[in-house]
Amino acid sequence: MGWLALGAVLLASWNSPYPAADERANVLYTSFTEEPRHLDPARAYGSGYDQLYQILEPPFQYHFLKRPYTLLPLTATDVPRPETRTLTWRGETLQATVYTIRIKRGIRYQNHPCFVEANRRLTPEGVRQVRSVEDFAQAATRELVAADYVLAIRRLADPRLSCPVLPTLKQNILGLREYGDMLASAIDEERKRRREIAGPLYNQEQDEKYRPIRLDYGAFEFPGIREVDSHTFEVVLPHPYPQILYWMILPFFSPVPPEATEFFDQPVLLERSIIFDRNPVGTGPYRLAEYDPTNQIVLVRNENFHGEAYPDLARPGADDPNALALYEKMRAEGMLADAGKPLPMTDRVVLRREKEWIPLWNKFLQGYYDMSEISSDLFDQAVTLTSQGDVRVSDEMARRGIRLLTTPLPKVYYLAFNMRDPRVGGYSEKQRKLRQAINIAFDSEEEIAIFFNGRGIPAHSPIPPEVFGYEDGEAGINPFSYRWDARLKKPVRRSLEEAKRLLAEAGYPDGYGPDGRPLVIGFDNAYVSATDRPHLRFIVKQFAKLGIRLESRTSDYNRLWDKVMDGNYQLLAWGWLADYPDPENFLFLLYGPNARGKGGSENNANYANPEFDRLFVQMRNLSNTPERLALIRRMNRLFQEDAPWVLGNHPVLYALVHQWYGNAYPHAMYPNIMKYRKIDVGARADRQNQWNTPHWGPVLVVLLVLAVPAAAGIRAAIRHAREA
């Protein structure tokens, strides 16, 4: 029967991973690689965003089409302007900044059992057959109110939730730090009480796992958040901080109905691992229907979704050529054709777990995934360079109707000098020239070509494309590392001879110092894998061009992090991905008070230029005006001259999409984008059938080859039986 088993295996290879009934269903198919760590909006950060963004609705969102990224109201009626008020807090009078957020009326939550009062009073008998939220017979809904947002923001201070952005919010929301301290004290008191009652055998972890301490969040003073009326709340800051609106796009600021926390905190559900951290309750376009992070996650259309229309984009004028070019690109991609149509555009989203690139890639080529990113190993198979240097899909991809979409990521890679180090740091003219020479010699264009498959833009400042303050063309170049070529109309890296001249003026001719010894710089990095070694050799080679010896100090990430926190390094490999698309979120990486060891913030270079710091304080709280741009230009020039970083690149995302996948232009800030995507289900089904039609010829040949010895064996057995 071996040939039958082989035939079954061969036939199985043509089966779709999805039910046959869904062949022409309006479903978006995509994938995820890592199991989401949290789906509680107070705890989720990065992992889980793809799911949460489709289910939960913070007050604001990004415009799907506009670049630079632009804020829009989502559940709010408008994007509020800051108001200054005189307040007294703990005996001190201050000029507070207040944002008043008004919530649209008529928005309703998804149907959920938590909104049925009886379901919040469950008994063991009442949940005997319950294995998931879907097993509850009764569900209900209610209107979204301001109190749900107030609760969500108060929950962020609960120390048990370990909200990852709490340190930043404590600095910028009035009284949040003190409020968190009061919650911590209340928790400690309750733990003490329980311990005294239970005696010496008390197990806190086990006790709270099934009997969590419930706090009345509203019982503690917190002036930073206030419910004004049923559909209005205020967020109060001790100082201007316009970036708070960007934070209010993230899931942390999504509403939390108190019914949900009360429902999921019941011991009879906790004992069945039915928890809030795996069952978000929202008002968004989709709701969670299936959650199996080892296999697949399924989102279905929220029957109570309040409705939203696909956005439009006005045609920019000729005086803004970059915006006009982007507009024309989006129009050509069909991104503007659905303006005004209702959202979401698909009924279901199926996310399948894929741990390895090859299976994911093969399923994409079979048409079972609607889009795919490109791994470095598969880059040459997917993409090719034209003789003009343009990037396009390979001939094989083009034959399949696959398109290539690209967008810059809000990210920067760099090497940070420790400006406190006496050799590579400092602010004297000679010390600047040393770092400027290294910046010239470090060929980031070659690095992008070799190690990023060309998927990067050489960085001239910390600010990446599509973020306010980024400038391309002659106005945006780093003049200390590049010169502008008017004929080629692009920046050209300054020559190695210029770098060597600067190095000599810095006191290190040909890489040798005044003592006659070669200049040696310690380089701390986490390039621990075999695949990282070529990149490490490349970096060493860049310094060797100047005669500088780079001494690699490779360690795992945890050890590297310890070195960063201790300030025990000369040169460091690092990068930064923005939390929100504002220049402040990049330039704060160079703000003196944020230096490591002075609060442990993200200034890994320990850069401290008083003039830069003064300009940063002026710039950070301004809106995106010509005044702000002028300040950013001055800050960039100081940064470029001091050269505390070896500038690397801003990576570019490459995505492949099938011809049936509409409104697919990527959005680098990972917002609630799935509601905009659309599928031509007929075209997808036809292509899937075309690409996965069984070729019976090879199968029949194999079966025939296997059948011959099988037939001979049968004849021999029959003959043996007759002779017997």
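Evaluate the following for PRO257: is it more than 30 Å from THR283 (Cα to Cα), in contact (Cβ under 8 Å) with a residue 12 or more places away in the chain and not small (Gly, Ala, Ser)?
In short, no.
Could you check region 593-615 and list, in sequence order, the residues that are among the small types (Gly, Ala, Ser) and either buried (at least 21 other Cβ atoms within 10 Å of the Cβ) or at pLDDT 95 or above (or both)?
ALA595, ALA605, ALA608
Under 8 Å between Cβ atoms, at least 6 apart or on separate chains: pull out the pairs that start in region 138-150 with a residue that is charged (D, E, K, R) and end on any residue that is assigned to a strand (DSSP E or B).
Every condition considered, the pairs that remain are ARG142/ARG108; GLU143/ARG108.
Name the residue that is surrounded by the fewest Cβ atoms within 10 Å (Cβ to Cβ), counting only residues in region 90-142 that are outside any strand (DSSP E or B) and acidic (Asp, Glu).
For region 90-142, the residue satisfying everything is GLU125.
Hand me the list of helices (runs of 4 or more DSSP H) wholly inside region 466-574 holding 2 or more residues that are surrounded by 15 or more Cβ atoms within 10 Å (Cβ to Cβ) and aromatic (Phe, Trp, Tyr).
So the answer is 533-544.
Take the residues of region 472-512 that are of a type in the set (Ser, Thr, Tyr) and in contact with a Pro (Cβ under 7 Å, 6 or more places away or on another chain): which is farthest from HIS650 (Cα to Cα)?
Per the criteria, the residue is TYR512.
I'm told ASN111 meets every condition in (1) at pLDDT below 95; (2) more than 27 Å from LEU577 (Cα to Cα) except one. Can you identify the failing condition by its number?
Only one criterion in (1) at pLDDT below 95; (2) more than 27 Å from LEU577 (Cα to Cα) is unmet by ASN111, namely (1).
Which numbered condition in (1) more than 27 Å from the chain's Cα centre (by Cα); (2) in a strand (DSSP E or B) is the only one that ASP188 fails?
Failing condition for ASP188: (2).
Determine whether ASP582 is of a type in the set (D, E, K, R) and loosely packed, with under 13 Cβ neighbours inside 10 Å.
no
What are the residues in region 79-106 that are at negative phi, basic (Lys, Arg) and over 33 Å from the mean Cα position of the chain (by Cα), if any?
Selection gives ARG85 alone.
Out of all the residues in region 647-658, is one or more part of a loop (DSSP other than H, G, I, E, B), buried (at least 20 other Cβ atoms within 10 Å of the Cβ) and within 28 Å of the chain's Cα centre (by Cα)?
Among the residues of region 647-658, at least one is part of a loop (DSSP other than H, G, I, E, B), buried (at least 20 other Cβ atoms within 10 Å of the Cβ) and within 28 Å of the chain's Cα centre (by Cα), which makes the answer yes.
Looking at GLU196, GLU134, which is the one that is out of contact with any strand residue (DSSP E or B) (no Cβ under 9 Å at 6 or more places or on another chain), over 17 Å from PHE253 (Cα atoms) and among the acidic types (Asp, Glu)?
GLU196
For region 447-454, indicate whether the set of residues that are part of a helix (DSSP H, G or I), surrounded by 15 or more Cβ atoms within 10 Å (Cβ to Cβ) and in contact with a Phe, Trp or Tyr (Cβ under 8 Å, 6 or more places away or on another chain) is non-empty.
Checked region 447-454: at least one residue is part of a helix (DSSP H, G or I), surrounded by 15 or more Cβ atoms within 10 Å (Cβ to Cβ) and in contact with a Phe, Trp or Tyr (Cβ under 8 Å, 6 or more places away or on another chain).
Which condition breaks for PRO316 when tested against (1) surrounded by 13 or more Cβ atoms within 10 Å (Cβ to Cβ); (2) out of contact with any Asp or Glu (no Cβ under 6 Å at 6 or more places or on another chain); (3) outside any helix (DSSP H, G or I); (4) touching a residue at least 12 places away in the same chain (Cβ under 8 Å)?
(4)
Every residue in region 602-630 that is more than 22 Å from MET419 (Cβ to Cβ), of a type in the set (A, V, I, L, M, F, W, C) and in a helix (DSSP H, G or I), please.
Of everything in region 602-630, those that are more than 22 Å from MET419 (Cβ to Cβ), of a type in the set (A, V, I, L, M, F, W, C) and in a helix (DSSP H, G or I) turn out to be LEU629, ALA630.
Residue under question is VAL145, and the condition is that it be closer than 22 Å to LEU622 by Cα, modelled with pLDDT of 95 or more and β-branched (Val, Ile, Thr); does it hold?
So VAL145 fails the test.
Please list, ordered by first then second residue, the pairs with beta carbon atoms under 6 Å, 6 or more apart or interchain, first in region 510-528 and closer than 12 Å to TYR569 by Cβ, second of a type in the set (D, E, K, R).
Between residues of region 510-528 that are closer than 12 Å to TYR569 by Cβ and residues that are of a type in the set (D, E, K, R), the close pairs are GLY522/GLU551; GLY522/ARG553; ASP524/ARG553; ASP524/LYS563.
The values are calculated or read from the model by the stated rules, or taken from the named source; none is laboratory data. Keep in mind that this is a model prediction, so the values were computed, not measured. Please note: Cβ atoms are built from the backbone with ideal geometry, for glycine as well, and neighbour counts cover all protein chains shown.
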